[in-house]
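Could you have a look at this structure, given as structure tokens, before my questions?
The values are calculated or read from the model by the stated rules, or taken from the named source; none is laboratory data. Note that this is a predicted model, so its numbers are computed, not measured. Cβ sites come from the backbone with ideal geometry, for glycine too, and all protein chains shown count toward neighbours. Note: areas computed on protein heavy atoms with side chains; ligands, DNA, RNA excluded. Shrake-Rupley method; radii C 1.70, N 1.55, O 1.52, S 1.80 Å.
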Amino acid sequence: MHWQQLLDLSEEKSIQQARTLFDRDYDRIIFSHPFRKLQDKTQVHPLPEHDFVHNRLTHSLEVSSVGRSLGRLVGDSVLERRPEMARQISANDFGTIVASASLAHDIGNPPFGHSGEQAISEYFLLNAKLLESEFTQKEWADLVNFEGNAQGFRLLNKSGYQGLKLTAPTLAAFTKYPRPALVSDALKPRRSQKKYGFYVSEADLFKEMAHKLGLKALAEEQWTRHPLAFLVEAADDICYHVIDLEDGCNLGLLSQEDTIELYAQVIGERFDRNKLYTIRSKREQIAVLRALAISELIDQCKTLFLDSEEDILSGKFDVSLTDAIPAADHLAQISKISVQNIYRSRTVLEIEAAGFTVINGLLEAFVPAACSIQKGKQTRKEQVCYRLLPEDTRYEIEQAPTVYLALRALLDFVSGLTDSNAMNLYRKIGGIALPGKI
């Protein structure tokens, strides 16, 4: 792979524009409806009274900030090594591509976090006898393995007014898993093949983009990552390791001292305990350590990326950057403690349980209704449930040429709900709360 093609550069392009196409990508994402919905989607903890606990929106903004720094630092060195590219693209452009892809990295996640993904998948698995015969093997693999990354790629490319029409480099940097759900060889242990990144409905779009940018084919419908996708993944990894730890401490799930020690291991020689204790506020102490840890991890990931640049471009390098940096063992320790103390806390388990109940209830109401439209025969209950769907969703279902595409339109609606929207709708269709009644 070659940077000029990976960045879609041509002789006509130059860096003289005040607002580049990559700047436009960032702006389109941040003003998009799916992005704004992230403010009411769970990150790890339910949305509490405390203003310092993160939701999907604040998480995405922070990942984007880290991604911008990583992109600029890498871009500066790449251009220093390839000065002929400097008249067509800047280090700032590298940063903006990574920042944009990072901003959108969770845009396809359903309500209630990962439990929402699992709830959608389990609904189809549990109803396999009724539904599976309606679909091809590839289509069924999409439905029983709902994937937020693939849903995000679909939203970013969706036809009609919702399509953001992003540049190919930004879309490729967004795609951490350049493969469909059903493959003949998962190509283990390649990190890029761990999950999948696009549905059957967008397979041709991804193939066209991969060809345009010169992504290396690994097998049929499987490609190497765009190099900048490693930086997007690293930005996400850094934030959820470091910032979830801060949230856990602020919520009392981890002690102050344990949190300080975990951060100190990552920060290394820059950690100064005496200076830390001159800060009176315990919350501010943790905030300072969080910032130092992020800075250290950015530097380590940048160094590893640049040292591995040749192998990344050839497709040989295919591991998460945060799994191969000097601080990798310390991050693994943070992850282990976070699982024990944070991700399995009672409040987290409660919202996961609610997610399964709510999502399953919505699908039980709406999937039969959407399928019956395709077959031209509805029960009265299916008619009522179907009319509760938004007009644009009903239009897409009615225009869909196959049951699979009808359900893709339905899942766009369900996965696009916020936590509050999903809960309120479930209560109404389940008879738990009636309009105008207490």
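Residue-wise test of (1) within 18 Å of Phe135 (Cβ to Cβ); (2) surrounded by fewer than 19 Cβ atoms within 10 Å (Cβ to Cβ); (3) of a type in the set (Gly, Ala, Ser).
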| position | (1), (2), (3) |
| --- | --- |
| Gly355 | no, no, yes |
| Asn360 | no, yes, no |
| Ser372 | yes, yes, yes |
| Gln378 | no, yes, no |
| Arg387 | no, yes, no |
| Gln399 | no, yes, no |
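Looking at the structure I just gave you, is Arg394 of a type in the set (Lys, Arg), part of a helix (DSSP H, G or I), within 30 Å of Leu57 (Cβ to Cβ) and open to solvent by 20 Å² or more (accessible area, probe 1.4 Å)?
For Arg394, the condition - of a type in the set (Lys, Arg), part of a helix (DSSP H, G or I), within 30 Å of Leu57 (Cβ to Cβ) and open to solvent by 20 Å² or more (accessible area, probe 1.4 Å) - is met.
Something else now. Filter the stretch 118-146 for residues that are open to solvent by 20 Å² or more (accessible area, probe 1.4 Å) and within 17 Å of the chain's Cα centre (by Cα) and give the result.
Within the stretch 118-146, Gln118, Asn145 qualify.
Here's something else I'd like to know. Out of the residues in the stretch 159-213 that are in a helix (DSSP H, G or I) and of a type in the set (D, E, K, R), state the one that is least open to solvent (accessible area, probe 1.4 Å).
Glu202
Looking only at the stretch 175-216, count how many residues are at positive phi and of a type in the set (Gly, Ala, Ser).
Summing the residues that are at positive phi and of a type in the set (Gly, Ala, Ser) in the stretch 175-216 gives 1.
If we scan the stretch 101-110, do we find a residue that is of a type in the set (Val, Ile, Thr) and either in contact with a Cys (Cβ under 6 Å, 6 or more places away or on another chain) or surrounded by fewer than 16 Cβ atoms within 10 Å (Cβ to Cβ) (or both)?
no
What are the pairs with Cβ atoms under 6 angstrom where one residue, in the stretch 241-255, is part of a loop (DSSP other than H, G, I, E, B) and the other, located anywhere, is open to solvent by 20 Å² or more (accessible area, probe 1.4 Å)? Sequence gap at least six, or different chains.
Leu253/Asn341; Leu254/Asn341
Continuing with this model, one more query. Looking only at helices (runs of 4 or more DSSP H) that fall completely inside the stretch 278-380, which ones have 1 or more residues that are touching a Gly at 6+ places or on another chain (Cβ under 8 Å), under 30 Å from Arg394 (Cα atoms) and in contact (Cβ under 8 Å) with a residue 12 or more places away in the chain?
346-375
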